[in-house]
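We did not get these values from a lab; they are worked out from the coordinates using the rules stated. Note that the structure is a prediction, hence the values are computed from the model and not measured. Cβ atoms come from the backbone with ideal geometry, glycine included; neighbour counts cover every protein chain shown.
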Amino acid sequence: MATIHEVRRAFCLSRAQLFGVRDGVTAAIEARLVGRESSLALLPSFLRRPAGLPSGTYLALDFGGSNIRAARIELAAGRLCVQRQVKRPLVDPAGRYDYRQRVTTTELFAFVAAVVSEAAGEAGGLLGHTFSFPADQTDVNTACLRQWTKEMAVAGAEGKNVQQLLAAALGAIGRHDIEPVALINDTVATLLAGAQREPATVVGTICGTGHNSCYEEAALPRPMIVNAESGNFDGAPANCFDEALDRQSQFPGRQRLEKMTSGQYLGELVRLAAGEAGVALPDDWRAASLAPALGGKTDHDTATLVRAVTERAGQLVAAELAALVRRAVLAPGATPVVAADGAVFARLPLFRQTVQAWLPVLAEQPARLQLTPDGSLLGAAIAAAWACEQR
Ligand code: BGC
C-alpha cells in the first residue's frame, strides 16, 4: 500500500527523462537503419507523401483494433467525400460474437469481407486497406502480418499474406468484383490524409486502442514513408505498475511504449495504481471511464490518478514524436505538422494538450499537432488511387 501522492509521483517524469526518451527513439531509428538490433521496426510502405489528390471513386477498409469500417469514397477536385459507410465492432457489446479471440482466421476474414461487401453495395471497385497491425511489405499490395498486437489473438494469421486472405474471403462470397489493390498501416493512412490537407505534414500518428507513428525516411536507397511501429519502443522509464501490466498482458515484453500510452491499456494502468493507493473504482471501470473522470464526474483521488497516467502518456508520445519530427524532411521555413488520429487523441483533451505543449519543447523547434479525423479511411482511398496510377 502507498499514499496517493507516492503513486502519483511514480508517473512523474523529469525533463531530462523526456529528452532521454526522445534521444532513445532517435538512437533506435539509427540502429535499425544500419541493421543493428532495435525495438523499432521501420517497416517500408512503398509510398511517399502525395503531391496533390488523384480523382476517382474507391472502396476503403479500416481494419483497426476495435472496429471494422468500410466505405465508398469519392476523390474529386481535391476533396474527399464519404458516400456510404458501414462500421462493426470486432467484439459484440451484447456478447454474441468475439472476432478478436475465439474464431479462426477464415472466420475473421469472412466477417471483414461481409462488411466490405455491404459498404460496396451492388457495384464493386478497387479497395484500399488500412490494416492496423505490423506487417512486412514487399510492395504496396503484398503484406504479411508479423504478429498481432492490442491483445488480438486469432490463431493462424501471423506470417500470412493479408491481402490474399482478404481476396479469398471476398471470392468466397462471390465478390470477385472487389479488388484489394493497396495495404497501408493506419499511421501511414493518417499521414496521407493529413498531407493532402496540409502539405507540411511530415509525421502520422495514432493513439487509439494502440499506439504507433510513421514518417518519411530519407536515408534509404528508395526514400519512402516508414511505419516505425514505435509502440514497441522499449526505452521509456517504466514503474512498478507498467511492469505489472506487462506481466499480465497477452505478450509480455512486447509493445512497452504502447502499454504506457494507448486506450487498450490506460484504464488498466489506472486500475493498478488505484489498487495500490487504496482508491475504490467502479466495477465497470475501463478506458472509456477516463474522459468522464477528467471531466469532474468522479472523486478527487480517482481524478488525480487519471490525470497522472494521462499526462505521462502525452509526454511520452510527445518525446517520441519529437524524435520523428527532427528526422523528417522539412520544406524550408515550414512549421512541421504531425497528423494525429485515434480515440485517445479525440476523446482525452488533456492527452492532446499535453502532446501539443511538449512537442515543440522536445523537438527544440516549432511543431504542430493536427487532428485528422477519419484519416484511416480516407488514407486507404488515397493509397488505392496512387496504387492504380502506378500500375
Ligand atoms: C500496431 C500498429 C498500429 C497501432 C495503432 C499497434 O498495436 O502494432 O501497427 O499502427 O497499434 O493502431
- On a 0 to 90 degree scale, rounded to 10, what angle separates helix 349-363 from the longest Cα axis of the chain? 90
- Query: Between the helical axis of 375-389 and the dominant principal axis of the chain, each derived from Cα atoms, what acute angle in degrees is found, rounded to the nearest 10?
  - Reply: 30
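Give me Asp284, Asp242 ranked fewest to most by other Cβ atoms within 10 Å of their Cβ, as a rough exposure proxy.
Working: Asp284 7, Asp242 20.
The fewest-first ordering by Cβ neighbours comes to Asp284, Asp242.
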- Taking other Cβ within 10 Å of each residue's Cβ, how do Thr130, Thr187, Thr138, Thr149 sort, fewest first? Thr138, Thr149, Thr130, Thr187
- Note on the structure: On the formula 1/(1 + (r/R0)^6), with r taken between the Cβ atoms of Arg9 and Lys160 and R0 of 51 Å, the FRET efficiency rounded to 0.05 is 0.65
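Order of Asp283, Asp186, Asp234 from fewest to most other C-beta atoms within 10 Å? Could the numbers behind the result be given before it?
Values: Asp283 5, Asp186 30, Asp234 15.
Starting with the residue having the fewest Cβ neighbours, the order is Asp283, Asp234, Asp186.
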- Item | Rounded if a/c under 1.5, otherwise prolate or oblate - the stretch 147-196, Cα gyration tensor axes | oblate
- Task: Quick one: check the C-alpha center-to-center distance for the stretch 249-309 versus the stretch 58-84, whole angstrom.
- Result: 32
- Query: In degrees between 0 and 90, to the nearest 10, how far off the longest principal axis of the chain does helix 300-327 point, with axes built from Cα atoms?
  - Reply: 50
